[in-house]
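The values are calculated or read from the model by the stated rules, or taken from the named source; none is laboratory data. Note that the structure is a prediction, hence the values are computed from the model and not measured. Virtual Cβ from ideal backbone geometry, glycine too; neighbours counted across all protein chains shown. Note: areas computed on protein heavy atoms with side chains; ligands, DNA, RNA excluded. Shrake-Rupley method; radii C 1.70, N 1.55, O 1.52, S 1.80 Å.
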Amino acid sequence: MSRTGKVLLIAGPFVAGAAAVAVGRRAKRRTPARHRHVVTVYRPLVELEVTQLPGSLSEIVDRVEVSLAAAPGGRGTEIAIRIPDGSPITDGEVRRALRETRSLLEAGDVLLPSGPPTTVSTPLNRPLQKVTAHGREGGLL
Amino acid sequence: MKALQWQGINKLAVGTVPDPELRNPGDIIVKVTRTVTCGSDLHLIGGYIPFMEKGDVLGHEFLGEVVEVGPDVRNHRAGDRVVVSSFISCGSCWYCDQRLFSLCDNGNTNPAITETMWGQAPSGCFGYSHAMGGNAGSHAEYIRVPFADVGAFTVPDTVSDERAVFASDSASTGWMGADLGGVGPGDVVAVWGAGAVGQMAARAAVLLGADRVIVIDRLENRLDQVRRHVGAETLNYESDDIAGELRERSGGRGPDVCIEAVGMEAHSPGPQFAYDQLKQQLRLQTDRPVAVRDAIHACRKGGSVFVLGVYAGFVDKFPLGALMNKGLTVRGAQMHGQRYIPMLLERMAKNELVTEYLATHVMPLGEAPEGYRIFKEKKDDCVRAVFVP
Ligand SMILES: NC(=O)c1ccc[n+]([C@@H]2O[C@H](COP(=O)([O-])OP(=O)(O)OC[C@H]3O[C@@H](n4cnc5c(N)ncnc54)[C@H](O)[C@@H]3O)[C@@H](O)[C@H]2O)c1
Ligand SMILES: [Zn+2]
Ligand SMILES: [Zn+2]
C-alpha cells in the first residue's frame, strides 16, 4: 500500500466524520435575514394550486405561507414557503416537503433509498448515518 | 447474495448481503452479468470521497438481465438484456428535459450533502457513496435500478455483452467530453489520460470528425491501445515534452479542445506532484489538479477545456489567469448517460465503436478485491477489470 493510503487511513475517517457533522450543523443553521424556502417545479403555473399540492407539502400547507409564481423562461413554477414566526414547523420539514412535492409533481414518485441496507453502523460512520437519515431535510434550500 | 463491499479505506471484501428489493413502482431488479471497475471507484476506495459506510456495495458500470419489474415500468420486461446508465435520473425534471441527466433534481435521496458542499446537488449514482444517494452498486449478483424506463436500455441482439457494458459509463462519459467540449471537423483535440474514459473520449473525437486527436499518458500499454483501437496519436508525459509537442502538432495554436480524463489522483513527473500530494494529504487541498492545469495552459486562445476527471472539493494553483486572459470555456460534468447510450449502442452495432478490448481482465466476482488491486496499481497492463457474478 502506498504512503498516501496510510496517511489517509488516519485522516480519512476523521475527515468523514467531520464532514458529515459540518453538513449536519450547517444544515441546521438558519440565517436570520432569510425567511423563505423556494424551489422551482417544472410544471406550468396554470396546472398548480396551493390547496391541491400533493405529498408532504399538503400536510403543512395550512400552517405555512405558500405562494406560487411562474418561473421565467418556461422553467415552471416557483413554490415559496415562509414559516410563520413562532411556528413549530422546522426548516428541515419544509425542505423535505418541497423536495418531495417537487418530485411527485415532476416524476410522479419520490425516490426511496435502495434496500435492505448492506451497511453496518460503526462509531466512524454514525455521524454520516445521522445525516443521511434526514437526507432531504438538510442542505441550503 | 454475494457482493463486493467497501470495508474501510483501501479495504475491500466480498461478503453476503440481502437481495435488493423493488422500492418504487418504476424500479426493476437486474441480475448482473458483467460489472466493471472504474477510475472513479479508486477515489472512493482511497478515502478521497469521505461519504462511505462500512458495507457499501461498489460498482456503477454494468449490464445484466431484467428479473423483476415494478408496476409502473413500461419499457422493460423480465428477460430483457439491459445496459444501465451509471447516473440515476427521473427523466421529467427541467434538467432531464435539457438532457443534462446527471443534474436531475429527483434522483438523489441525500441532496443535503452535495448541496451544502457545492451549492446545488447533482443526481444520484450507483455504488458511489452516500453523497450520491447511497445506492447499492453493481458489484453484486443483483441490483435495483430506479427510474428504469429512463436509465436502462435494451441491448440490440447484434451487440455482445462484452462490448455493450462500456456504454454504461466509460463510453458515455468519453462521448460527453467530446460532444459538450464542442469537438467538430477540423479540430485538434488533446486528451489527458488513456484509461477507458480518455480512450472513449478520443474515439468520440475521431468519430465526430476531429482532424487530429492526441492522447497523453505515461502507461505504454494504454498508449498502445490508443494507437491500435482508437486511431489517435499518443504522447508519453514521462518522455515527451507535452506542451511543446501539442503546440507543434497544432501549428503553434494549441489544441482547440482539451479533454481531461485523469481526475483528482493525477500523477506528475515534476516537482509539483510532491507539492500537490503533500497538500492533499494534509487536507489543504482535496484534489490534485495536475492535468487540468496542463490542459488549460496548452489550450488555444478561445478554446475549450472539458473536465471529465472526478474532483470533490478544492484545488490549489488553479490557472485562473490563463483561463480569463485566453478567453477559454471550461466545462465539466458527471456523465449524462441517458443522452448518449442509445446512439452508442447503434454505433457499437455498426462496429464504429469497439470497446471489448478495454476488458483486459475478466474474473469471477469472488476475485474482485484482487481485480481492484491490479486495476489500482495498474499492474499486469490492466485497463479495466470486469467481474462476472
Ligand atoms: N465525469 C464522469 O461522469 C466520469 C465517469 C467515469 C469516470 N470519471 C473519471 O474519469 C477519470 C478517468 O477514469 P478512468 O476510469 O479512465 O481512470 P483510470 O485510472 O483507468 O485512468 C486514468 C489515467 O490517467 C493517467 N494519468 C495520471 N496522471 C496523469 C497526468 N498528469 N497526465 C496524463 N495522464 C495521467 C493514468 O496513468 C491512467 O492511465 C477518473 O477521475 C474518473 O473518476 C468521470
Ligand atoms: Zn465511472
Ligand atoms: Zn430529472
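Of all residues in the stretch B:98-125, those being outside any loop (DSSP other than H, G, I, E, B) and within 12 Å of ligand 1 (Cβ to nearest atom) number 4. Among residues of the stretch B:67-88 that are at positive phi, those with a Cβ under 7 angstrom from a residue that is among the charged types (D, E, K, R), sequence gap 6+ or separate chain, pair up as B:G79/B:E65. Restricting the stretch B:105-131 to residues that are in contact (Cβ under 8 Å) with a residue 60 or more places away in the chain and among the hydrophobic types (A, V, I, L, M, F, W, C) leaves a set whose member that is nearest to the other protein chains (Cβ to nearest Cβ) is B:I113. B:S102 passes every criterion in (1) within 10 Å of chain A (Cβ to nearest Cβ); (2) within 16 Å of ligand 2 (Cβ to nearest atom) apart from (1).
Selection of strands (runs of 3 or more DSSP E) fully inside the stretch B:273-389 by the criterion of at least 1 residues being hydroxyl-bearing (S, T, Y) returns B:304-307, B:329-332, B:359-364. Within the stretch B:18-62, restricting attention to residues that are in a loop (DSSP other than H, G, I, E, B) and away from every other protein chain (no Cβ under 14 Å), the residue that is farthest from ligand 3 (Cβ to nearest atom) is B:T37. Residues in the stretch B:133-146 include at least one that is open to solvent by 10 Å² or more (accessible area, probe 1.4 Å), among the hydroxyl-bearing types (S, T, Y), modelled with pLDDT of 95 or more and not in a loop (DSSP other than H, G, I, E, B). When A:L104 is tested against (1) at negative phi; (2) open to solvent by 10 Å² or more (accessible area, probe 1.4 Å); (3) more than 11 Å from chain B (Cβ to nearest Cβ), only condition (3) is not met. Exactly one residue out of B:A152, B:A167 is more than 10 Å from chain A (Cβ to nearest Cβ) and within 16 Å of ligand 3 (Cβ to nearest atom): that is B:A152. Within the stretch B:345-362, the residues that satisfy the criterion of being of a type outside the set (V, I, T) and open to solvent by less than 20 Å² (accessible area, probe 1.4 Å) are B:L345, B:M348, B:L353, B:L358. The lone criterion from (1) surrounded by 14 or more Cβ atoms within 10 Å (Cβ to Cβ); (2) part of a helix (DSSP H, G or I) left unmet by A:T40 is number (2).
Being part of a helix (DSSP H, G or I), farther than 24 Å from B:E352 by Cα, not β-branched (V, I, T) and not assigned by TED's automatic domain parsing to the domain that holds B:A359 is the requirement here; does B:L223 meet it?
Values: part of a helix (DSSP H, G or I): yes; farther than 24 Å from B:E352 by Cα: no; not β-branched (V, I, T): yes; not assigned by TED's automatic domain parsing to the domain that holds B:A359: yes.
Answer is no for this residue.
Restricting to the stretch B:185-200, and then to whatever is of a type outside the set (A, V, I, L, M, F, W, C) and over 14 Å from the mean Cα position of the chain (by Cα), can you tell me which residue is farthest from ligand 2 (Cβ to nearest atom)? I'd like the intermediate steps shown before the answer.
Going through the stretch B:185-200, the residues of a type outside the set (A, V, I, L, M, F, W, C) turn out to be B:185-187, B:193, B:195, B:198-199.
With over 14 Å from the mean Cα position of the chain (by Cα) added as a condition, the list becomes B:185-187.
Values: B:P185: 29, B:G186: 31, B:D187: 25 Å.
Only one residue fits best here, namely B:G186.
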